[in-house]
1. Just give me the residues in segment 175-202 being open to solvent by 40 Å² or more (accessible area, probe 1.4 Å) and in a loop (DSSP other than H, G, I, E, B), in sequence order.
2. Looking only at residues that are more than 22 Å from residue 236 (Cα to Cα) and in contact with a Gly (Cβ under 9 Å, 6 or more places away or on another chain) in segment 259-291, which one is least open to solvent (accessible area, probe 1.4 Å)?
3. Check segment 91-105 and report whether any residue there is modelled with pLDDT under 70 and within 21 Å of the chain's Cα centre (by Cα).
4. Residue pairs, Cβ under 6 Å, 6 or more apart or interchain, first in segment 224-248 and touching a residue at least 12 places away in the same chain (Cβ under 8 Å), second part of a loop (DSSP other than H, G, I, E, B) and of a type in the set (Ser, Thr, Tyr). List them.
5. Considering 158, 154, which residue is of a type outside the set (A, V, I, L, M, F, W, C), at positive phi and surrounded by 24 or more Cβ atoms within 10 Å (Cβ to Cβ)?
6. Of the residues 130, 137, which is hydrophobic (A, V, I, L, M, F, W, C) and modelled with pLDDT under 95?
7. It is to be established whether one or more residues within segment 205-219 are in contact (Cβ under 8 Å) with a residue 40 or more places away in the chain, in contact with a Ser or Thr (Cβ under 7 Å, 6 or more places away or on another chain) and either surrounded by fewer than 19 Cβ atoms within 10 Å (Cβ to Cβ) or within 27 Å of residue 178 (Cβ to Cβ) (or both).
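The values are calculated or read from the model by the stated rules, or taken from the named source; none is laboratory data. Only a predicted model underlies this, so the values are computations on that prediction, with no experimental measurement involved. Cβ: placed from backbone, ideal geometry, glycine included. Neighbour counts: every protein chain shown. Side chains included, ligands, DNA and RNA excluded: accessible areas come from the protein's heavy atoms. Shrake-Rupley method; radii C 1.70, N 1.55, O 1.52, S 1.80 Å.
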Amino acid sequence: MKVALDIFRALADETRLRIVALLASMELSVGELAQVLGQSQPRVSRHIKILADAGLAERRKEGSWVFVALGAAALVDPVIAALKAWGTEAEAQADIARLEAVRADRAAAAAAWFQAHAGEWDAIRSLHVAEEQVEAAMFDVLGGAPLGRVVDIGTGTGRMIELFAPRATHALGIDKSSEMLRLARARVGERGLGNAELRQADLYALPVSDGGADVAILHHVLHFAQQPGAAIAEAARVLDAGGRLLIADFASHDREELRARDAHTRLGFSDAQIDGWFAAAGLASMRTETLEGGELTVKLWLGRKAGEPVREAKAA
């Protein structure tokens with residue numbers, strides 16, 4: 001009964017209801033919530049604390065930013081269902097429109113940065129241990145068997161396609177930046193990879209059918225994502241039964257300057273964060289590797305979708 005009372009007290013405010021509705025769309029920083037709600041950050045922070053105390057929201061500090069997400073599904077799902085049943089979606093449309101404007105501004109800034117730095121992309125990755133070591137570790141984690149259908153999400157200059165297409169029946173590289181795809185096409189063409197394909201698309205809406213891939217790769221992409229959990233869920237969607245998702249990215253760090261200098265949205269990730277997103281997406285955490293050296297630590301996380309593979313994966 002106390003839990004129910006805490007939840008109802010926490011929801012007895014219009015602003016807090018709006019926050020819950022916004023967080024149902026995506027994880028947001030306190031600053032973004034304040035911008036969408038048209039309120040000061042201290043006031044929004046007080047509302048978030050009340051929601052967090054009731055278990056309806058979770059806060060996570062990342063450098064100077066604080067991100068907010070919905071709390072445990074067992075508590076939050078009935079609230080979201082009730083809001084939908086009571087027909088509050090229409091009332092939230094103005095907030096959603098402002099949220100889309102915030103996301104569009106951030107996406108435009110990131111896209112402009114990618115366009116300006118496409119030729120330097122590989123050099124930027126030198127912040128961490130030598131890329132050769134990362135690639136060798138990825139080979140080890142995926143094992144020596146044929147990979148079947150590979151999807152490289154956020155392919156950039158196409159390096160992952162170059163590495164793994166020879167072991168795949170088909171390799172699809174996806175990127176939102178046309179300039180990046182131009183560079184990737186040059187690389188794929190030079191290597192004569194006839195089983196490779198490159199397409200322009202968003203990592204949250206992959207042009208792949210459900211179960212259309214055996215291996216998905218997110219190589220130094222997730223720290224640019226505004227919604228890492230959603231990106232992982234979309235990658236999981238395209239995996240066939242027994243399919244694997246391999247993430248290579250940074251461990252949590254405090255290099256705040258990377259936000260402005262290199263357009264990083266997230267300052268790395270903890271094992272617990274990735275494991276949580278894996279579980280929510282229906283993936284079992286299979287293996288984690290830590291590659292120390294350089295200014296930042298690189299982590300590899302491997303998740304596997306439930307079920308036994310139903311296709312025979314033969315390399316081309």
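1. 176, 192, 194
2. Going through segment 259-291, the residues more than 22 Å from residue 236 (Cα to Cα) turn out to be 259-264, 267, 290-291.
Of the ones still in play, those that are also in contact with a Gly (Cβ under 9 Å, 6 or more places away or on another chain) are 259, 267.
Values: 259: 29, 267: 2 Å².
The extreme case among them is 267.
3. No; the residues of segment 91-105 include none that is modelled with pLDDT under 70 and within 21 Å of the chain's Cα centre (by Cα).
4. These pairs meet every condition: 224/265; 226/265; 230/204; 234/204.
5. 158
6. Going through 130, 137 in turn, the sole match is 130.
7. No: zero hits.
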